[in-house]
Amino acid sequence: MDRTKIDAPLVAALDDVKDPEERGLLVFVHASGSPPADDLRFLEELGVAAQAATKPIFTATLSANGLGQLTDRPWVRYVRLSSKLRLVGRSP
Amino acid sequence: MKPEKLAPGLLGAFEDFQREGVTGLARHARAMGLVAAENVPKPPRAIVFVHCDHGARLDHLASLDVRVNQPQGGLRTAYLSLSSLSALSDEPGVHRILPSRYLRLSMDVAPGAVHLPAFRTRTGMTGRGVVVGVVDSGIDTAHPAFAGRILRVWDQVLPGAGVPEGGYGMELTGAALASSTDTHGHGTHVAGIAAGVHATYGGVAPGADIIMVKSDLQDAHIADGVRYIFRVAGELHRPAVVNLSLGAHWDAHDGTDSLSQIIDAESGPGKIVCCAAGNEGNDNLHARATVPAGGTRTPRFRVPAGGAVRWAVLNGWYSGQDRMEVSIQSPGGFATPYQAVSPGAAPAVAHALPDAQVRITTPGPDPINGDHQFLVELQPRNQLAPSVTAGVWRLRLRGAHLAAGGVVDVWALDSTGDSAVQFTGSSVSDSLKIGSPGTSRSAVTVASYTTKVSWTDAGGTPRHLGLLLNDISDFSSEGPLRGGRRKPDATAPGAMIAAPLSSASAVRPEMVVAAGYRLMAGTSMATPFVSGLVALFLERNPHLDPAGVKALLAANCRIPGRPAGTFDPKWGLGLIDATAL
């Protein structure tokens with residue numbers, strides 16, 4: 001796990017992980033380039049479709065162990081935890 | 001027949017009908033939801049509100065030509081023949097029957113406030129051929145406002161195989177659309193403002209087609225939804241505008257967050273995104289401190305009593321050239337040690353204070369914008385405590401190394417979703433309150449203007465809202481962005497707006513204005529007004545890009561009483577005027 005590649009909310013979320021094999025971390029992956037062909041199968045094993053992985057930023061739901069393997073790839077620039085947003089309408 | 005259960009107006013219409021037939025209804029039809037025509041064999045019908053026991057079973061009345069639209073609830077709507085009023089009133093669980101009335105309310109006031117009707121009359125545009133995409137709480141696919149115009153729903157919440165943009169949720173078309181519901185009601189209302197059809201409460205682009213992404217509101221899934229809408233619209237060779245009436249304050253407030261970057265990457269000719277500015281104009285959720293080298297600053301914030309705050313988080317950002325040390329002091333006076341930036345190590349440190357559980361995270365610079373972020377998480381002192389300790393807390397910031405001025409911006413978030421935790425004192429800042437995705441560079445970010453503050457609800461009771469009429473809505477969030485970039489872009493009507501009511505949602509009776517229509521307010525409502533307007537632009541020019549949209553808006557927005565082109569962090573460039581669009 002390259003912890004320099006994960007943002008503060010993801011660092012905190014990792015502290016709460018009980019099962020490192022459970023896919024419970026919804027993240028944005030920022031890539032510095034296209035993943036090499038060998039890594040496309042690795043991404044598919046992580047649940048990332050090959051088409052999605054061609055984008056400079058793609059989303060994935062990862063286990064802590066999967067995240068660790070991903071951050072060790074040189075083409076992975078940064079990984080951020082997804083945030084829950086709110087609807088901004090109201091009934092006064 | 002129980003005439004005492006009928007509102008006087010409805011009873012009068014019923015008696016006139018019995019006495020004079022359809023002719024006797026003419027004087028009532030203009031004011032009530034009566035559907036009657038002479039020389040037509042069908043009996044005259046009425047749209048009514050039914051006050052009843054919450055669990056009253058009324059479905060058996062269908063055999064008597066009474067169609068009650070909701071299976072449960074204390075206030076329901078029904079469509080019935082006038083001759084069946086007697087049967088409905090005889091039901092013991094029914095307490096009152098009121099006529100639906102045609103009211104003149106927001107969506108007939110709001111378009112006029114920005115001269116939209118004249119624009120549409122002059123151009124004849126309705127959004128035909130354009131896709132209005134909405135990522136929201138879902139849509140009432142059976143609502144007549146959208147009949148035949150919902151192309152697809154990607155319900156991210158239903159279990160299924162997903163779509164190419166994400167292997168989760170279920171894509172629905174045709175008859176299967178009914179499998180997706182909108183129990184919140186927000187998405188139905190928003191879609192109706194952009195593209196609903198109705199004589200009085202119709203949307204801005206009633207000829208546009210609709211794609212809805214019912215989202216769990218995770219911003220990663222919202223990003224997948226934006227990509228999905230643009231991909232499907234592209235396959236249909238249609239231009240598209242995507243409406244995002246949502247937001248939060250987890251990001252850096254500078255447009256470098258992941259969702260904003262994806263919006264920027266996906267936008268382009270014929271692909272436009274509109275975002276809400278947010279509703280925190282009255283909330284002290286942002287603080288700014290300028291920390292001197294070697295010195296400290298202590299922004300204060302208050303956690304309210306009452307047990308509602310299960311967790312609170314401070315999201316802080318400052319220049320990557322500075323280094324701050326971070327500590328927190330509880331209302332009881334207990335403080336954590338100062339925590340330095342610790343790149344590459346284990347920067348999340350938990351502290352068990354006597355009156356709180358605290359975790360502080362201080363990683364190295366974010367490589368996307370080069371800035372430092374820190375998080376301070378507060379939780380109850382133990383599992384038995386219902387909430388974070390109430391009282392005044394202190395965020396302690398110490399300048400360890402300053403090369404960029406020591407400015408720190410902090411946003412408070414909490415479990416209530418309603419900004420219960422607020423800053424106090426001199427660090428409170430009424431700026432930088434537009435969060436992602438309103439921070440996206442290419443998105444049109446929309447503030448709210450108030451066009452209606454008084455109305456009569458479905459029960460005939462006059463209502464009034466404490467907002468200034470014909471002015472910026474005080475709840476509308478202020479820009480600019482962190483770093484100074486201008487946001488919001490424009491202002492549009494957002495309070496009070498009448499638009500479609502999802503039949504699966506709960507609603508307070510005073511918010512219902514007619515059968516199938518309710519009131520809401522917020523930048524959520526202002527945003528689809530602009531999305532609908534963009535759909536009209538795209539009908540005229542399917543290749544219009546974000547810069548083109550913004551240029552059109554900039555030339556046709558103005559803050560009342562100020563020179564054209566003036567920017568204000570609350571108004572953006574001002575209220576849209578469709579006269580010359």
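The values are calculated or read from the model by the stated rules, or taken from the named source; none is laboratory data. Note that the structure is a prediction, hence the values are computed from the model and not measured. Please note: Cβ atoms are built from the backbone with ideal geometry, for glycine as well, and neighbour counts cover all protein chains shown. Note: accessible area is taken over every heavy atom of the protein model, side chains too, but ligands, DNA and RNA are not part of it. Shrake-Rupley method; radii C 1.70, N 1.55, O 1.52, S 1.80 Å.
Looking only at strands (runs of 3 or more DSSP E) that lie completely in the range B:401-460, which have at least 3 residues being over 18 Å from the mean Cα position of the chain (by Cα)?
In the range B:401-460, the matching strands (runs of 3 or more DSSP E) lie at B:407-414, B:422-424, B:454-456.
Take the range B:192-221 and flag every residue that is among the small types (Gly, Ala, Ser), within 14 Å of chain A (Cβ to nearest Cβ) and without any contact (Cβ under 8 Å) to a residue 24 or more places away in the chain.
none
I need a count of the residues in the range A:19-36 that are under 12 Å from A:TRP75 (Cα atoms), of a type outside the set (Gly, Ala, Ser) and either out of contact with any strand residue (DSSP E or B) (no Cβ under 8 Å at 6 or more places or on another chain) or more than 11 Å from every other protein chain (Cβ to nearest Cβ) (or both).
Number of matching residues: 2.
Among the numbered criteria (1) more than 14 Å from chain A (Cβ to nearest Cβ); (2) touching a Phe, Trp or Tyr at 6+ places or on another chain (Cβ under 7 Å), which one does B:ASP140 miss?
All conditions pass for B:ASP140, except number (2).
Looking at B:ASP322, B:ASP366, B:ASP355, can you tell me which residue is in contact (Cβ under 8 Å) with a residue 12 or more places away in the chain and within 14 Å of chain A (Cβ to nearest Cβ)?
Unique residue meeting the criteria: B:ASP366.
State which residue pairs qualify: first residue touching a residue at least 12 places away in the same chain (Cβ under 8 Å) and among the basic types (Lys, Arg) and inside the range B:69-83, second residue in a strand (DSSP E or B) and surrounded by 19 or more Cβ atoms within 10 Å (Cβ to Cβ) in any location, beta carbons under 8 Å apart, and separation of 6 or more residues or different chains.
B:ARG76/B:PHE49; B:ARG76/B:VAL50; B:ARG76/B:CYS52; B:ARG76/B:VAL68
Collect the residues in the range B:255-309 that are more than 14 Å from chain A (Cβ to nearest Cβ) and among the acidic types (Asp, Glu), keeping them in residue-number order.
None; the set is empty.
Name the pairs whose Cβ atoms lie under 9 Å apart, with the first residue in the range B:174-191 and within 15 Å of B:TRP154 (Cβ to Cβ), the second open to solvent by 50 Å² or more (accessible area, probe 1.4 Å) and not in a loop (DSSP other than H, G, I, E, B), and 6 or more positions between them or separate chains?
From residues that are within 15 Å of B:TRP154 (Cβ to Cβ), the pairs are B:ALA176/B:MET170; B:LEU177/B:ARG152; B:SER179/B:MET170; B:SER180/B:MET170.
Return the pairs, sorted by first residue and then second, in which the second residue is of a type in the set (Phe, Trp, Tyr), the first residue lies in the range B:258-277 and is open to solvent by less than 10 Å² (accessible area, probe 1.4 Å), the beta carbons are less than 6 Å apart, and the residues are 6+ apart or on different chains.
Within 6 Å, the pairs are B:SER258/A:PHE28.
Scanning the range B:161-187 for residues that are in contact with a helix residue (DSSP H, G or I) (Cβ under 8 Å, 6 or more places away or on another chain) and within 27 Å of B:ARG508 (Cα to Cα), which turns out farthest from the other protein chains (Cβ to nearest Cβ)?
B:ASP182
Does any residue of the range B:216-230 turn out to be open to solvent by 20 Å² or more (accessible area, probe 1.4 Å), farther than 12 Å from B:TRP154 by Cβ, of a type in the set (Asp, Glu) and not in a loop (DSSP other than H, G, I, E, B)?
no
Keeping to the range B:236-245, report how many residues are out of contact with any Asp or Glu (no Cβ under 7 Å at 6 or more places or on another chain) and within 14 Å of another protein chain (Cβ to nearest Cβ).
2
Please work out which residue is nearest to B:THR461 (Cα to Cα), limiting yourself to the range B:504-524 and to residues that are part of a loop (DSSP other than H, G, I, E, B) and at the interface with another protein chain (Cβ under 9 Å from one of its Cβ atoms).
B:ARG508
Among the residues of the range A:62-85 satisfying the criterion of being at the interface with chain B (Cβ under 8 Å from one of its Cβ atoms) and surrounded by 20 or more Cβ atoms within 10 Å (Cβ to Cβ), which is nearest to B:THR361 (Cα to Cα)?
That would be A:ARG80.
So which residues in the range B:359-380 are closer than 18 Å to B:ARG398 by Cα and not charged (D, E, K, R), if there are any at all?
B:ILE360, B:THR361, B:THR362, B:PRO363, B:GLY364, B:PRO365, B:HIS372, B:GLN373, B:PHE374, B:LEU375, B:VAL376
From the list B:VAL341, B:VAL349, which one is within 24 Å of A:LEU81 (Cα to Cα), in a loop (DSSP other than H, G, I, E, B), open to solvent by 20 Å² or more (accessible area, probe 1.4 Å) and among the β-branched types (Val, Ile, Thr)?
B:VAL341
Might you check whether a residue that is within 11 Å of chain B (Cβ to nearest Cβ) and either within 25 Å of B:LEU246 (Cα to Cα) or of a type outside the set (Lys, Arg) (or both) occurs anywhere in the range A:37-47?
Within the range A:37-47 (the criterion being within 11 Å of chain B (Cβ to nearest Cβ) and either within 25 Å of B:LEU246 (Cα to Cα) or of a type outside the set (Lys, Arg) (or both)), the answer is yes, since at least one residue qualifies.
Out of everything in the range B:461-503 that is open to solvent by 50 Å² or more (accessible area, probe 1.4 Å), touching a residue at least 24 places away in the same chain (Cβ under 8 Å) and in a loop (DSSP other than H, G, I, E, B), what residue ends up being nearest to the other protein chains (Cβ to nearest Cβ)?
The extreme case among them is B:ASP474.
Identify all residues within the range B:377-400 that are over 14 Å from B:PHE334 (Cβ atoms) and either within 14 Å of another protein chain (Cβ to nearest Cβ) or under 30 Å from the mean Cα position of the chain (by Cα) (or both); write none if there are none.
B:GLU377, B:GLN379, B:PRO386, B:SER387, B:ALA390
Taking only the range B:525-560 into account, find how many residues are in a loop (DSSP other than H, G, I, E, B) and touching a helix residue (DSSP H, G or I) at 6+ places or on another chain (Cβ under 9 Å).
The total comes to 3.
Go through the range A:1-18 residue by residue and tally those that are more than 7 Å from chain B (Cβ to nearest Cβ) and either open to solvent by less than 10 Å² (accessible area, probe 1.4 Å) or in contact (Cβ under 8 Å) with a residue 12 or more places away in the chain (or both).
So the count comes out to 8.
Counting only residues that are farther than 25 Å from B:PHE537 by Cβ and in contact with a Phe, Trp or Tyr (Cβ under 9 Å, 6 or more places away or on another chain), how many does the range B:429-469 have?
11
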